[in-house]
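For reference, the structure is listed below as structure tokens.
The values are calculated or read from the model by the stated rules, or taken from the named source; none is laboratory data. As the structure is a computational prediction, the values presented were derived from the model and not from experiment. When we count neighbours, we look across all protein chains shown, and the Cβ atoms used for this are built from the backbone with ideal geometry, even at glycine. We work out accessible area using only protein heavy atoms, side chains counted, and drop any ligands, DNA or RNA first. Shrake-Rupley method; radii C 1.70, N 1.55, O 1.52, S 1.80 Å.
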Amino acid sequence: MLVFFSSAPFYNQYVYLPPAGAPTPPEIQDNPKFYPFFKDALGAIDGTHINCSATSEMRQAARDRKGGITQNCLAICGFDMKFYYIFSGWDGSAADSTMFYDARITDLHIPVGKYYLADAGFPICDALIIPKRGVRYHLAEWGRAQQRWSLFSFNIILLSNI
């Protein structure tokens, strides 16, 4: 399945990055919880592990942190639930930040002023918003503590009792 989804003709027809001048997605624009905070967000990026059958020589490199034999794939999904980008073929032991770096120097172009939402496994840079380490972001906790969030310097910071 991975070969099918990451090769022509499927990939060339259905998977493509949004254009540089793309407007704010309606999923963000029409929701007051997200707009104007995420008006420049293009989507979300994350790595996913897919089980594979590796040769005995490649088995150690394909072993992920949970002990499975996998292949790590980097995927970008838009707010309209369409895939924008897939970067596959990395061993299961590869970190998301390593794959992101290679994708950026290979063929992943992110327009200036735009960014993707990512998890803490990615590097801090202008092209990504990642959660601030050590801060818990559970909605139930926000409701009980009368706290809200704000964007600051491409990191999400929790502000108390504002």
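In what sequence, largest accessible area first, do Met99, Met81, Met58 appear using a 1.4 Å probe?
Ranking Met99, Met81, Met58 by accessible area, largest first, yields Met81, Met58, Met99.
If you filter the stretch 1-59 for trypsin sites (Lys or Arg not before Pro), then keep DSSP loop positions with at most 16 other Cβ within 10 Å, what is left? Spell out each step's value before the answer.
Values: sites: Lys33, Lys39, Arg59; in loops: Lys33, Lys39.
Filter output for the stretch 1-59: Lys33, Lys39.
Near the amide H of Tyr84, under 5 Å away, which other amide H atoms are found, from residues 5 or more places off or on another chain, if H is placed in the peptide plane?
Under 5 Å from the amide H of Tyr84: Ile76, Cys77, Gly78.
Tell me the chymotrypsin sites (Phe, Trp or Tyr not before Pro) within the stretch 70-138 that lie in a loop according to DSSP and have at most 16 other beta-carbon atoms within 10 Å. Please report the intermediate quantities before stating the final value.
Details: sites: Phe79, Phe83, Tyr84, Tyr85, Phe87, Trp90, Phe100, Tyr101, Tyr115, Tyr116, Tyr137; in loops: Phe79, Tyr137.
When the chymotrypsin sites (Phe, Trp or Tyr not before Pro) of the stretch 70-138 are filtered for loop state and at most 16 Cβ neighbours within 10 Å, Tyr137 remain.
Can you list the residues, at least 5 places off or on another chain, whose amide H is less than 5 Å from the amide H of Leu128, using H built in the peptide plane?
Long-range HN contacts for Leu128: Tyr116.
Return one whole number: the accessible area per residue of the stretch 13-105 in Å², for a 1.4 Å probe.
For the stretch 13-105, the per-residue accessible area is 60 Å².
As a test of the definition: which semi-axes, in Å, follow for the stretch 1-73 when you take the square root of five times each eigenvalue of its alpha carbon gyration tensor? Largest first, please.
36, 18, 8
Got a sec to turn the phi values of the stretch 44-57 into Karplus ³J(HN,Hα) couplings, 6.51 cos²θ - 1.76 cosθ + 1.60 with θ = phi - 60°, whole Hz, x for Gly and Pro?
After applying 6.51 cos²θ - 1.76 cosθ + 1.60, I find 10, 10, 6, x, 9, 9, 10, 4, 9, 10, 9, 5, 4, 6 Hz.
Once label points are set 7 Å from the Cα along Cα→Cβ at both Asp30 and Tyr11, what is their separation, rounded to one decimal in nm?
3.3 nm
Quick check: residue separation of Asp126 and Arg63 times 0.36 nm, minus the Cα distance between them. What number comes out in nm?
Working: separation 63, 0.36 × 63 = 22.68 nm, distance 3.11 nm.
Full extension of this stretch gives 19.6 nm more.
Return the distance in nm (one decimal) between the two label points of a simple spin-label model at Ile50 and Ser93, each offset 7 Å from Cα along Cα→Cβ.
Rounded to a tenth, the inter-label distance reads 2.2 nm.
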